[in-house]
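What follows is a set of notes on a single structure, which appears directly below.
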Number of protein chains: 2
Amino acid sequence: MELSHPLIKDGWFREESEEFFPGQAMRLRVEKILHAERSKFQDVLVFKSTDFGNVLVLDGIIQVTERDEFAYQEMITHVPMFAHPSPKKVLVIGGGDGGVLREVLKHDCVEKATLVEIDESVINLSRKYLPKMSHALDHEKVQVVLADGFEFLKNTAAKHESEKYDIIITDSSDPEGPAEAFFQKQYFELLYNALNANGMVISMASENIWLNIDKLKTLKDICSQVFSVTECCYCTIPTYTSGQIALMCCSKNPQLKVSVPHRHESRDRESELFRYYNNAIHGASFVLPRWAADKLN
Amino acid sequence: MELSHPLIKDGWFREESEEFFPGQAMRLRVEKILHAERSKFQDVLVFKSTDFGNVLVLDGIIQVTERDEFAYQEMITHVPMFAHPSPKKVLVIGGGDGGVLREVLKHDCVEKATLVEIDESVINLSRKYLPKMSHALDHEKVQVVLADGFEFLKNTAAKHESEKYDIIITDSSDPEGPAEAFFQKQYFELLYNALNANGMVISMASENIWLNIDKLKTLKDICSQVFSVTECCYCTIPTYTSGQIALMCCSKNPQLKVSVPHRHESRDRESELFRYYNNAIHGASFVLPRWAADKLN
């Protein structure tokens, strides 16, 4: 039986949101629908596109395409990882596709990487259709926990000193749906308590300076109430709305800024390991256009 | 009579190009079609969008929307203008909407700005529907020439020493259509000959690193055959394909790099004058992701 999905018509997938980006829409041409279901938590769609490889869509919003996912995965990972002097324990909230884990594991100093994903469907579908990301789920340093990230932090990480982290990466979907709690002050307090003294967090902001800078400012203000250093960077990525996404970076130690790399690879190693990240773009990704810098800083 | 246009259907404008960005499409919601014609040179469409202000479309490709045009206009102008020690004479090829002129005139050192636009329709429609850009066309320092930029350079600028420029900005449409010649070596030779000793040029690349980096590399190689210093920068802008556009920057004097600002305004003045440009983003806009930097540099 041929699969169908309400957002795919005449061979094109459409991404629209009257609430979050009214009046603009993105379309990707579909070669084949690979999977469509209503999981326990959200609407899940996987299709093969004609020009962007396989595409994972949650609740109607593009999460990853094989063509450009590396931009987001590398920047949300390597910016805090290189800003930290020596990250050994890393927690990823969300990120069931495995892309962030793949990047975390490029740092040999990492001893353990824990992934907390709420939706097993995302993991299973990624294993099947996004193998270049999901292979990292099976790495010996990785522990995968099927749980709500908020509850995990409350019940585990914040309670046991031995369960604290150097880096926590929130790689969630948008604030409506299962990820809603990840944009509240209480969540950032849980993150703070789950960090070691030099710990850093980075969160997908689900926004960018072009779409709704007021909402970005609100998120930054929430973070600033909890962390003494909060900075905003971005990466360009064509299949996210407006072609970019903002990342909110917080540091527990006021002497350590996420915008400043403390370690770096040689240029040759950069070329081997990365496609997007390099030492120069680390700092440059925190340089915002005038109006955005004035608003947020 | 209500206007119509083949690219507007069910109240949405669609931007698609099987040749230049296959498999992806951008849509903007239309409030009202303001003008649609086949000019002497190209298909011209102006519509009022629901969320991006008035929009100018040439040959099916979005040229400016009132909501985000400042990003492109400011960066294509202020990057070379601030890199130059003292730009007095400026030439704009294309740019009939007047947006680049508006930015050029923010520099008090400018004595004369010449605009060479081939299509009078663009100028007339911009006067009517894009007043925040086109008002600059009437400034006392501005001379508007209705001509083909290539012919203008060949017949005027390159022949008379008194008709040389400090900065030349190519603000054209895409290479297919009337702007085709602006992406050839002979054009950059004409630009070179029309420059003073410290002169600089910047050109809309009609590409970006995500879309077709091979074509961007080809353009850079062409420029490098003519100029001793060629660098590539970008600005983010949501209504251009992939959310960004590359700008190719060349300098006649090998001691002067377009990536390095030689002058700057105070932060207060920056806030008054600019929405996108600031001193920090000048250099940051030349920092490219690893794969793009390796390919282009």
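Multiply the residue gap between A:Ala197 and A:Lys32 by 0.36 nm, knock off their C-alpha separation, and tell me the result in nm, one decimal place.
On the way: separation 165, 0.36 × 165 = 59.40 nm, distance 4.82 nm.
Gain in length upon complete extension: 54.6 nm.
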Exercise. Which value in nm describes the separation of the simple spin-label points at A:Lys185 and B:Asn155, placed 7 Å from the Cα toward the beta carbon?
Worked result: 6.9
Problem set entry | FRET efficiency for B:Ser39 and B:Asp108, using Cβ-Cβ distance with R0 set to 35 Å, rounded to 0.05 | 0.50
Problem set entry | Size of electric dipole in chain A: Cβ of Lys, Arg +1 and of Asp, Glu -1, about Cα centre, debye, nearest 20 | 620
For this session: Mind putting a number on the dipole of the protein assembly as shown about its Cα centre? Charges go on the C-beta only, +1 for Lys and Arg and -1 for Asp and Glu, and I need it in Debye to the nearest 20.
Result: 1220
Exercise. Taking one equal scatterer on every alpha-carbon of segment A:88-150, how large is log10 of I(q)/I(0) by Debye at q = 0.13 1/Å?
Worked result: -0.28
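How large is the convex hull of the C-alpha atoms of the protein assembly as shown per residue, in Å³? The partial results should precede the final answer.
Details: hull volume 84.8 nm³, N = 594.
Enclosed volume per residue, from the Cα hull, is 143 Å³.
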Exercise. Buried accessible area for the A:B pair, summed, 1.4 Å probe, in Å² rounded to 100?
Worked result: 3500
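Take the residue pairs B:Lys40/B:Lys159; B:Lys185/B:Lys220; A:Lys295/B:Lys132; B:Lys89/B:Lys185; B:Lys106/B:Lys132 and return only those whose Cα atoms are more than 19 Å apart. Let's see the in-between values first.
Numbers: B:Lys40/B:Lys159 28 Å; B:Lys185/B:Lys220 10 Å; A:Lys295/B:Lys132 23 Å; B:Lys89/B:Lys185 23 Å; B:Lys106/B:Lys132 14 Å.
Beyond 19 Å: B:Lys40/B:Lys159; A:Lys295/B:Lys132; B:Lys89/B:Lys185.
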For this session: Every other copy gets compared here: list the nm distances from the B:Glu140 label point (7 Å along Cα to Cβ) to its counterparts, shortest first, one decimal.
Result: 7.9
For this session: Counting only heavy atoms of the protein chains, get the accessible area per residue of the protein assembly as shown (1.4 Å probe) and round it to a whole Å² value.
Result: 38
Exercise. How far apart are the A:Glu272 label points across copies, placing each 7 Å from Cα toward Cβ, in nm, shortest first?
Worked result: 5.4
Exercise. Label-to-label distances across copies for A:Thr218, with labels 7 Å out along Cα→Cβ, in nm, shortest first?
Worked result: 4.7
For this session: Would you mind telling me the antiparallel percentage of the DSSP bridges in segment B:124-258, rounded to 5?
Result: 70
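Starting from the exponent 0.38 and prefactor 2.2 Å, build the expected Rg for segment B:8-65 from its residue count and divide its actual Cα Rg by it.
Values: Rg = 11.2 Å, N = 58, 2.2 N^0.38 = 10.3 Å.
Relative to the rule-of-thumb radius for its length, segment B:8-65 sits at 1.09.
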For this session: Can you grab the distance from the C-alpha centre of segment A:67-96 to the C-alpha centre of segment B:258-297, Å, no decimals?
Result: 26
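With 25 Å as the cut-off, how large is the P(r) tail for segment A:69-296, expressed as percent of Cα-Cα pairs? It would help to have the intermediate numbers written out before the result.
Values: 8582 of 25878 pairs.
So the pairs more than 25 Å apart make up 33 percent of the total in segment A:69-296.
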For this session: Identify, for chain B, the residue whose C-beta comes nearest the rotation axis onto chain A, and round that distance to whole Å.
Result: B:Gly243, 1
Exercise. Taking the Cα centre of each part, how many Å lie between segment A:198-241 and segment B:209-254?
Worked result: 29
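Other chains near A:65-71: what is the mean number of their Cβ atoms within 10 Å of each residue's Cβ? Let's see the in-between values first.
Values: counts 1, 0, 3, 2, 0, 3, 3.
What the average comes to for A:65-71 is 2.
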Exercise. Which whole-Hz couplings ³J(HN,Hα) result when phi for each residue of segment A:209-226 is put into the Karplus expression 6.51 cos²θ - 1.76 cosθ + 1.60, θ = phi - 60°, listed in order with x for Gly and Pro?
Worked result: 4, 7, 6, 7, 5, 5, 5, 5, 4, 4, 5, 5, 5, 4, 4, 5, 6, 9
For this session: Express as a percent, rounded to the nearest 5, the fraction of DSSP beta bridges in the protein assembly as shown (both residues included) that run antiparallel.
Result: 65
Seminar exercise, completed: So B:Met1 and B:Lys217, fully extended at 0.36 nm per residue minus their Cα-Cα distance, gain in nm 73.1 nm
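The values are calculated or read from the model by the stated rules, or taken from the named source; none is laboratory data. These figures come from a predicted structure and were not determined experimentally. So basically every Cβ, Gly included, is an ideal-geometry build from the backbone, and we count neighbours across all protein chains shown. What goes into the accessible areas is simple: the full protein's heavy atoms, side chains included, and nothing from ligands, DNA or RNA. Shrake-Rupley method; radii C 1.70, N 1.55, O 1.52, S 1.80 Å.
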